[in-house]
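K.L.:
Pasting a structure below so you can have a look.
The values are calculated or read from the model by the stated rules, or taken from the named source; none is laboratory data. Computed from a predicted model, the values in this text were never measured in an experiment. In this analysis, Cβ positions are derived from the backbone assuming ideal geometry, glycine residues included, and neighbour counts consider all displayed protein chains.
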Amino acid sequence: MKYISGVLSIVFLIFIESVSAQEWSVNPADFEFSMNLTGKVILDDGLINDENATIGAFVGDDCVGLTQPTEQTGSFELFLLTVYSNNASGDMIQFKLLKSDSQELSLENEILFQSNAIIGSADMPFVWMETATYSSTDFLSFSHPQQTSDADINPVTHEISLIVDYQIDISDFTPEFELSPGAKAYMNDVLQISGETSLNFSGMITYRVEGVDGSSEDWIVSVELDESAVDLIETIGISVFPNPATEYVKIQIPEHISLAEISVIDMNSKTLMKFESIDSDNLLIPLNQLPTGLYVVQFRLHDKRAYYYRLVKQ
């Protein structure tokens, strides 16, 4: 199990007095190991901001950590919690919230204890929830700035599909995603960072997601190009023939169309040929060097609009 690393300024709170009728108390001197969490709590009515709220960490009925929120610019949302154990790893930590009105709530997110682990930060806090709407190994979102629709995330089959603009190179694709609080995603044992790590999505990708409770799950992700924009060149009068083609393809361009460039793109979104400064109404594109298969011819106008045509090379 790998955990978020970083440097936190931890407030060690020693609770040896009872905090309520529940008599929650913990003495750090009784324990050999510790781990630290920085997080917030979301209830059904939203993010809790309660100066007198208390979070307790438990193993069974034994309290192994207590904290109250840390004041930040007038708000009391962030909890810095130290959890203690006499086992270096393996204890399953459960959490309870005691509100200032003495209401006690069980928080469903559990964490597997690991000595010296640091989970969450002030900028990226772990999130405790009264009712978890996801498992500890779920993708909560998966996206790209140039997607054409929201991703389809199936939490039952653990599959994700995303459709992006036809111009995107999915062989070098950087997705953005959100996981269950504290979870990590790996590809071939390499940690994946949202918005930073690029992968080749020409085929399906399998992520392994590890939750803070020690569980793991494989997710199969596919990214496809949006074909809804393909074959729209007929609307502006450009002709492409023959199709299928073998040695060349001829393109006829109406006089009223001003093209900035024409590109031939393979199914991995890799540009194989590009023609710029087009000043002729007839253009021959050689295909004899291309393998047999399906290609896309992209027509880009000077006003940045793009049109596409599917071409079969025999």
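Residue by residue, here is whether (1) surrounded by fewer than 18 Cβ atoms within 10 Å (Cβ to Cβ); (2) small (Gly, Ala, Ser); (3) under 11 Å from the mean Cα position of the chain (by Cα); (4) at positive phi holds:
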| residue | (1), (2), (3), (4) |
| --- | --- |
| 137 | no, no, no, no |
| 144 | no, no, yes, no |
| 156 | yes, no, no, no |
| 172 | yes, no, no, no |
| 184 | no, no, yes, no |
| 188 | yes, no, no, yes |
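K.L.:
Still on this structure: Working only within region 54-86, note down all residues that are farther than 27 Å from residue 115 by Cβ and either touching a Phe, Trp or Tyr at 6+ places or on another chain (Cβ under 8 Å) or not in a strand (DSSP E or B) (or both).
P.N.:
Initial filter on region 54-86 (farther than 27 Å from residue 115 by Cβ): 71-77.
Within region 54-86, 73, 74 qualify.
K.L.:
Taking region 52-63, which residues are crowded, with 21+ Cβ neighbours inside 10 Å, β-branched (Val, Ile, Thr) and either more than 14 Å from residue 40 (Cβ to Cβ) or touching a helix residue (DSSP H, G or I) at 6+ places or on another chain (Cβ under 7 Å) (or both)?
P.N.:
The one that is crowded, with 21+ Cβ neighbours inside 10 Å, β-branched (Val, Ile, Thr) and either more than 14 Å from residue 40 (Cβ to Cβ) or touching a helix residue (DSSP H, G or I) at 6+ places or on another chain (Cβ under 7 Å) (or both): 54.
K.L.:
Would you point out the residue of region 219-245, among those that are of a type in the set (Ser, Thr, Tyr) and closer than 29 Å to residue 200 by Cα, that is modelled with the lowest pLDDT?
P.N.:
First pass over region 219-245, keeping only residues of a type in the set (Ser, Thr, Tyr): 222, 228, 235, 239.
In the following step, the residues that additionally are closer than 29 Å to residue 200 by Cα were identified as 222, 228.
Numbers: 222: 96, 228: 68.
This residue is 228.
K.L.:
Checking residue 210 against (1) over 20 Å from residue 299 (Cα atoms); (2) acidic (Asp, Glu); (3) free of Cβ contacts under 8 Å to residues at least 24 places away in the same chain, which single condition isn't satisfied?
P.N.:
That leaves (3) as the condition not met.
K.L.:
Take the residues in region 199-214 that are among the small types (Gly, Ala, Ser) and over 17 Å from residue 160 (Cα atoms), then tell me which one is surrounded by the most Cβ atoms within 10 Å (Cβ to Cβ).
P.N.:
Among those residues, the one meeting the criterion is 211.
K.L.:
Continuing with this model, one more query. Scan region 292-311 residue by residue and report those that are loosely packed, with under 14 Cβ neighbours inside 10 Å and of a type in the set (A, V, I, L, M).
P.N.:
294
K.L.:
Further question on the same structure: Take the conditions part of a strand (DSSP E or B), of a type outside the set (Phe, Trp, Tyr) and either touching a residue at least 12 places away in the same chain (Cβ under 8 Å) or in the same structural domain as residue 57 (by TED's automatic domain parsing) (or both) and apply them to residue 141. Does it pass? Give the steps one after another, and end with the answer.
P.N.:
Numbers: part of a strand (DSSP E or B): yes; of a type outside the set (Phe, Trp, Tyr): yes; either touching a residue at least 12 places away in the same chain (Cβ under 8 Å) or in the same structural domain as residue 57 (by TED's automatic domain parsing) (or both): yes.
Spelling it out, residue 141 is indeed part of a strand (DSSP E or B), of a type outside the set (Phe, Trp, Tyr) and either touching a residue at least 12 places away in the same chain (Cβ under 8 Å) or in the same structural domain as residue 57 (by TED's automatic domain parsing) (or both).
K.L.:
Output the residues belonging to region 64-96 that are touching a residue at least 40 places away in the same chain (Cβ under 8 Å), touching a Gly at 6+ places or on another chain (Cβ under 8 Å) and buried (at least 21 other Cβ atoms within 10 Å of the Cβ).
P.N.:
66, 79, 81, 82, 83, 84, 95, listed by residue number.
K.L.:
Quick test for you: out of 51, 110, pick the one residue that is under 22 Å from the mean Cα position of the chain (by Cα) and of a type in the set (D, E, K, R).
P.N.:
110
One line per residue, one yes/no per condition, for (1) in contact with a Pro (Cβ under 6 Å, 6 or more places away or on another chain); (2) in the same structural domain as residue 264 (by TED's automatic domain parsing); (3) modelled with pLDDT of 95 or more; (4) assigned to a loop (DSSP other than H, G, I, E, B):
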{"residue": "110", "(1), (2), (3), (4)": "no, no, no, no"}
{"residue": "116", "(1), (2), (3), (4)": "no, no, yes, yes"}
{"residue": "149", "(1), (2), (3), (4)": "no, no, no, yes"}
{"residue": "157", "(1), (2), (3), (4)": "no, no, yes, yes"}
{"residue": "171", "(1), (2), (3), (4)": "no, no, no, no"}
{"residue": "182", "(1), (2), (3), (4)": "no, no, no, yes"}
{"residue": "196", "(1), (2), (3), (4)": "no, no, yes, yes"}
{"residue": "207", "(1), (2), (3), (4)": "no, no, yes, no"}
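K.L.:
Could you grab me the full set of residues in region 87-115 that are of a type in the set (A, V, I, L, M, F, W, C) and farther than 20 Å from residue 180 by Cβ? It would help to see each step written out before you state the result.
P.N.:
Of region 87-115, the ones of a type in the set (A, V, I, L, M, F, W, C) are 88, 92-93, 95, 97-98, 105, 107, 111-113.
Result: 88, 98.
K.L.:
Here are 217, 196, 176, 224: which of them is over 25 Å from residue 146 (Cα atoms) and either surrounded by 19 or more Cβ atoms within 10 Å (Cβ to Cβ) or within 22 Å of the chain's Cα centre (by Cα) (or both)? Steps first, answer last, please.
P.N.:
Working: 196 fails: over 25 Å from residue 146 (Cα atoms); 176 fails: over 25 Å from residue 146 (Cα atoms); 224 fails: over 25 Å from residue 146 (Cα atoms).
When all the criteria are applied, what remains is 217.
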